[in-house]
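No lab work stands behind these numbers, since they all come straight from the coordinates. All values reported here derive from a predicted model rather than from experimental measurement. Note that each Cβ is placed from the backbone with ideal geometry, even for glycine, and that neighbours are counted across all protein chains shown.
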Amino acid sequence: MNERIKVIKLGFVNVFLVGVGDGFVLIDTGVAQQWKKVETELTSAGCLPDKLKLVVITHGDFDHTGNGAKLQEKYKAKIAMHPADSFMVENGVQMNRKIRTLSARIILLLGKWLNRNASFEKFRPDIFLTDGQSMEPYGLDARIIHVPGHTKGSIAILTHEGDLFIGDILFNTRKPDIAPFIDDFEDMKKSVDKLRELKIRMIYPGHGKPFSGDVISKISMQAIQLAVAADRG
């Protein structure tokens, strides 16, 4: 694993702190209830407010964006994400999606129950990212890959060394697999096919453990293909 990458585990979700030159880039922000741990982890890594160059959000779900407003306020951080998911953080809304499995349905219901009294601090992104955009202006030798399917604005960040921060397009809670919550099956299939063409060394998912990039070629597409056919009716 790249020593410049710090995996911050916030309960069921991961965020990643990447060292860039004399500063850091934070990928995703976790749930709002975990703010104290986020701040503690940033401080212990030496990421004081003047060292946080950028916050990149992989998609608009609350478990990835919950501390965006606090980072803007306390760290004066610039937040970047794809414009297609901007409405989620600007209005504090979540998308309704198709659920692939029974276990995913249980997770969704449990999440709603646990967060029934939680409030989301809305914020406006500072930077909108596009497919193929270079992150070099922010000190990160990487590019943005638009991978819709889980949400319309889902992105991945691929570094020059082959480290891929994938958000929720792929999970690895039990084994590497596609997201259990799908916005569009056709988009998901195209995004996974797109990822197969890339040179990926290590994949860092939003949920579960990092895994080798070689594994992506072994993820079965049969479930997606069947779901696409069923969705077409």
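The table that follows gives values for the structure above.
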| item | result |
| --- | --- |
| Estimated vicinal HN-Hα couplings, Hz - the stretch 84-100 in sequence order (Karplus 6.51, -1.76, 1.60; Gly, Pro = x) | 5, 9, 4, 4, 5, 7, 6, 10, x, 10, 10, 7, 8, 9, 6, 10, 6 |
| Summed residue charge, Cβ within 11 Å of ALA80's Cβ, Lys/Arg positive, Asp/Glu negative | +1 |
| Antiparallel DSSP beta bridges within the stretch 5-232, percent to nearest 5 | 65 percent |
| The stretch 27-69 shape via C-alpha gyration tensor axes, a/c threshold 1.5 | oblate |
| Amide H partners (placed H, <5 Å) of ASP163, local residues excluded | ARG201, MET202 |
| Extension gain, VAL7 back to GLU73 (0.36 nm per residue minus Cα-Cα distance, nm) | 21.4 nm |
| Efficiency of FRET from Cβ geometry, PHE128 and ASP50, R₀ 30 Å, rounded to 0.05 | 0.80 |
| Part-to-part distance (alpha-carbon centres) for the stretch 53-76 and the stretch 134-161, which is given in Å | 16 Å |
| For the stretch 5-232: relative contact order, % (alpha-carbon pairs under 8 angstrom, 6 or more apart) | 16 percent |
| Local net charge near VAL31, Cβ-Cβ under 11 Å (Lys/Arg +1, Asp/Glu -1) | -2 |
| Alpha-carbon gyration tensor eigenvalues x 5, square-rooted, for the chain, Å | 26, 21, 16 |
| Ratio Rg/Rh, restricted to the stretch 13-94 and using Cα atoms, in which Rh is the Kirkwood radius | 0.94 |
| Relative counts (whole %) of C-alpha pair distances in the stretch 134-216, using bins that are 10 Å wide | 20, 53, 25, 2 |
| Estimated [θ] at 222 nm from DSSP helical runs (n ≥ 4, -39500 (n - 2.57)) normalised by residues in the chain, nearest 500 | -7500 deg cm²/dmol |
| Above-threshold pairs, the threshold being 21 Å between Cα atoms, out of LYS51/LYS122; LYS9/LYS70; LYS51/LYS76; LYS9/LYS36; LYS122/LYS152; LYS6/LYS53 | LYS51/LYS122 |
